[in-house]
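Undergrad: Below are the structure tokens for one structure; questions will follow.
Values quoted throughout were computed directly from the atomic coordinates according to the rules given, and no laboratory measurement underlies them. Everything numeric here is computed off the predicted structure, so don't read it as measured data. With ideal geometry, Cβ positions are generated from the backbone for all residues, glycine too; neighbour counts draw on all protein chains shown.
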Amino acid sequence: MSRTIAGVTVTAALLAGLTACGGGGTDAAEGRTLTYWTYQDRTPQAGQVLEKIRKDFEKANPGVSVKIVKIPKDDFNTKLGSAVAAKTAPDASVLDQPLVSKYALDGTIKEVPAGLFPDGTYFKGALDTNLGSDGKYYGLPVDQTGVALFYNKKLVPTPPKTWDELKQVADQVHRAHQDVAGMVVPKGDGYGAWMFPGVVAGAGGEMADVPGKKILFDQPPAVEALHLWADLLPSSPRKITDSDKPFENGLAAMQISGPWDVPTIREQFPDLDFSVAPLPYKTAPAGNIGGENSVVYSTTKNADLAWKWLLFLGDEDNNGAVADAAGGFPVNTKATPVGTGPENEAFLAQLKVAHARPAVPQWIQINDEIIAPAIETALSGKATPRQALTDAAAKTRTLLGWNG
Amino acid sequence: MASPALAETPTAAPGPRRRPRRPDARRRDHLIGWLLVAPAVAYFLVFLLHPALSALYYSFTDWDLRTPARWVGLANYTDLLFDDVKYPHFWTSVRVTLQYTLIAVPLTLVAALVQALLVNAVRRGSNVFRLLLFLPVVTAEAAVGAIWRWLYDPRYGLINSVLELFGVPGQNWLNTPELVVPALAFVSAWQCGISMIIYLAGLKGIPTAIIEAATIDGAGPVQRLRRVVMPMLRPTTFYLVVTGVIAALQVFGLVYVIFSGAGRSVTGGPEQSGLTYVLHLYLFAFRYDAMGAACAMSFVLLVLIVIVTALQFRFVRREAA
């Protein structure tokens, strides 16, 4: 009867058991071993890249061996959490951006030592995803990704640069072809809420001011951003965009998506003539950010080595390949990206102006449970964008105990 | 999950000629008995009882799976029920799940009974039909979810095409909050194979003599179904209602697959209209790192299931008897 309960706990117990044999940095007699957990390779090539970098690092640091443990992405956070609980955390690992501030808050991970790298080494957006809620850095970026505007070249000869142009183009497309939507307007789900801050930043706004403990997504920039999405709906009816792959099938002229979609579309829809441009903006170019960071655990005995390894992954020579293997773009300002072409340039331009998510430990929950429903309420017309966001901001303030 | 082997534990009945057994021999039999059931008992203790008791403990703590659990007493329970800032969608998930149960269980029973009657009526090749009707049950949930996403597609979906043949305008099934629960319940009715098999067994158990007697007394097919078959199937129906409700209250896999597209985080469909209880629980356990609250949710569900089942035993069974 209580299969659910048993299920949840059995899974937890199993994971704890499994991971107990996973990590732990040990001082071997012949030298030191550094354990690093990362996601399962996306491709065989990605595995080779990491293997080469591992060997290079060992060559540069005689007596050191790096043990890389690869874990499927879906199970990664749970296994990592269990390992931390069982005090068998690795020396260092990859960590999902929104988890950094959470892990920092309870002391699971180490603060980045002062002067570890010169200013300007990393892109600001990517580096800022490593902030703890105390405004200090707790990890180093490995790769970054974000969303940009995909456009069908046949329907949209020149991509819109501003919000007004975007609305205009969407309207023109839908007017000319009634069964084609101007744009796939994001939804009020976790994914849509993840993209939203990039649009808000395009109107010069932020979602929150973490050091000042202020929620800002009920301010004009956010309200205007949500208005933009709502205003696009008449020329981008859900009836069309809710069908399977509307952009790929030529039923929507534009969509917001990330670099992961480019190879998939090229492969599955070779006839679709499309390109990618930076997100349209209102006052200043801006975008959102995703990707992976790396952190060092408080329980490690090899902190110096671990930071060295993280710097190595993000250095000017390696980061291009490392980021590509992880499916993203380099975070080192001097690294050379692997991919070329107009799409890559659009994403790179976007990432230079990317804004990190607020470093609030509960952000995933706020994103999913408060912001996403507010977006959906506004987009379905059940409330105005201002009402929806005012209400959501009030809930967030209560949840966090913030007054501003 | 009691193992059937438990019932077959050999307890060698003493033969008529044998002398009364000595105590040590009996003790040895006991030992052998325990050895034989040991795997099942160990499984029960390690994988069912221990986790369930741990979950009960953790339901009184604030635990993120990572740092030591902190005792918070009943706070998880009271917050779940009364704090709509911390758990804004808890009651939504309860409502969605109850709605789903109210639609899915009757729909499944009707579908199962109709299928069972049809299969029972078929004289040749009933095995083939049984297999075909059972296939949805053995199909992996992920595949079922993917297929139904296609069937419900507002533009290319087969369901809308069929509706349009009859002049009914196509619907945006999985993106209209009011239609999400019925759409999910319909999929579960499609997967009614197990209920169908149980109904079929119930039908086979009705003595033909009674049916024949009713026929001789002049009862037509409809009357035979209403006055003979249905009443004779009542115990079966009762069993299916009880187990069906328990399963429906725990629906998860299908919703998870249907609402998770590539790269999308599952927040339960448009306006949380598909946020079922267990999906909500799962999100707190594995996405928001609130394992303590998730454990509390599972015990609230347990209590709900016990109450609903007890009510069914009290009111429905009396009628069934």
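Undergrad: Collect residues whose amide H, placed 1.01 Å from N in the peptide plane, falls under 5 Å from the amide H of A:Val142; neighbours closer than 5 in sequence don't count.
TA: Hits under the 5 Å cutoff: A:Glu292, A:Asn293, A:Ser294.
Undergrad: For A:Ala349 and A:Asp304, calculate 0.36 nm times their separation in residues minus their Cα-Cα distance, and state this gained length in nm to one decimal.
TA: Working: separation 45, 0.36 × 45 = 16.20 nm, distance 3.38 nm.
Gain on extension, A:Ala349 to A:Asp304, equals 12.8 nm.
Undergrad: Apply the a/c threshold of 1.5 to the C-alpha gyration tensor of the stretch B:90-320 and tell me whether it is rounded, prolate or oblate.
TA: Since a/c reaches 1.5 but b/c is at least a/b, the shape of the stretch B:90-320 is classed as oblate.
Undergrad: Separate question: Please identify every one of the trypsin sites (Lys or Arg not before Pro) in the stretch A:52-109 that sits in a loop by DSSP and has no more than 12 other beta carbons within 10 Å of its own beta carbon.
TA: Here the sparse-neighbourhood loop sites are A:Lys87.
Undergrad: I want to check the label-to-label distance for A:Ser275 and A:Asp41. Put each point 7 Å from Cα in the C-beta direction and report it in nm to one decimal.
TA: A separation of 3.5 nm, rounded to one decimal place.
Undergrad: Next up: Within chain A, what's the longest stretch lacking GluC sites (Glu not before Pro) that sit in DSSP loops with no more than 14 other Cβ atoms inside 10 Å?
TA: On the way: sites that count: A:Glu30, A:Glu316.
Within chain A, the longest run free of exposed GluC sites (Glu not before Pro) spans A:31-315.
Undergrad: Rank the residues B:Tyr282, B:Tyr277 as a footprinting-exposure proxy: fewest other Cβ atoms within 10 Å of their Cβ go first. Each step should come with its number before you reach the end.
TA: Working: B:Tyr282 20, B:Tyr277 27.
By the 10 Å Cβ count, ascending: B:Tyr282, B:Tyr277.
Undergrad: For a quick check: with amide H placed at 1.01 Å from N, whose amide H comes under 5 Å from B:Asn172's, ignoring anything fewer than 5 positions away on the same chain?
TA: none
Undergrad: Among A:Ala346, B:Val251, A:Ile366, whose Cα sits farthest toward the positive end of the charge dipole of the protein assembly as shown (+1 at Cβ of Lys/Arg, -1 at Cβ of Asp/Glu, about the Cα centre)?
TA: B:Val251
Undergrad: Using Cβ contacts closer than 10 Å as the measure, can you line up A:Thr300, A:Thr336, B:Thr309, A:Thr396 from fewest to most?
TA: Ascending Cβ contact count within 10 Å gives the list A:Thr336, B:Thr309, A:Thr300, A:Thr396.
Undergrad: Between A:Trp260 and B:Ile147, what FRET efficiency follows from the Cβ-Cβ distance if R0 is 25 Å, with the result rounded to 0.05? Walk me through the numbers on the way to the answer.
TA: Numbers: r = 24 Å, r/R0 = 0.97.
The computed FRET efficiency comes out at 0.55.
Undergrad: Let me make sure I get this right: for the protein assembly as shown, a, b and c are the square roots of the gyration tensor eigenvalues over alpha carbons, sorted descending. Under 1.5 in a/c it's rounded, otherwise prolate if a/b > b/c, else oblate. Which is it? List each step's numbers first, then the result.
TA: On the way: a/c = 2.08, a/b = 1.33, b/c = 1.56.
The shape class here is oblate.
Undergrad: With each label point set 7 Å from Cα along the Cα-Cβ vector, what nm distance links A:Thr336 and A:Lys161?
TA: Spacing of the two 7 Å Cα→Cβ label points: 3.0 nm.
Undergrad: Over chain A, calculate the relative contact order: mean separation of alpha carbon pairs under 8 Å at least 6 apart, over the residue count, as a percent.
TA: 25 percent
Undergrad: Below 8 Å, C-alpha to C-alpha, sequence gap of six or more: please give me the relative contact order for the stretch A:293-404 in percent. List each step's numbers first, then the result.
TA: Numbers: 69 pairs, mean separation 13.5, N = 112.
In percent, rounded to a whole number, it is 12.
Undergrad: Any chance you could run the full-extension gain for B:Asn120 through B:Arg27? It's 0.36 nm times the residue separation minus the Cα-Cα distance, nm to one decimal.
TA: 28.4 nm
Undergrad: If you don't mind, there's one more thing I want to ask. So for the pair B:Ile206, A:Gln387, with labels modelled 7 Å out along Cα→Cβ, what separation do we get in nm?
TA: It works out to 5.4 nm between the two label points.
Undergrad: Now for a separate question. From a point 7 Å beyond the Cα of B:Thr78 in the direction of its Cβ, which residues of the stretch B:263-302 have a backbone N at a distance under 17 Å?
TA: Under cut-off, by backbone N: B:293, B:296-297.
Undergrad: Give me B:His280, B:His30 sorted ascending by neighbouring Cβ count inside 10 Å, so fewest comes first.
TA: B:His30, B:His280
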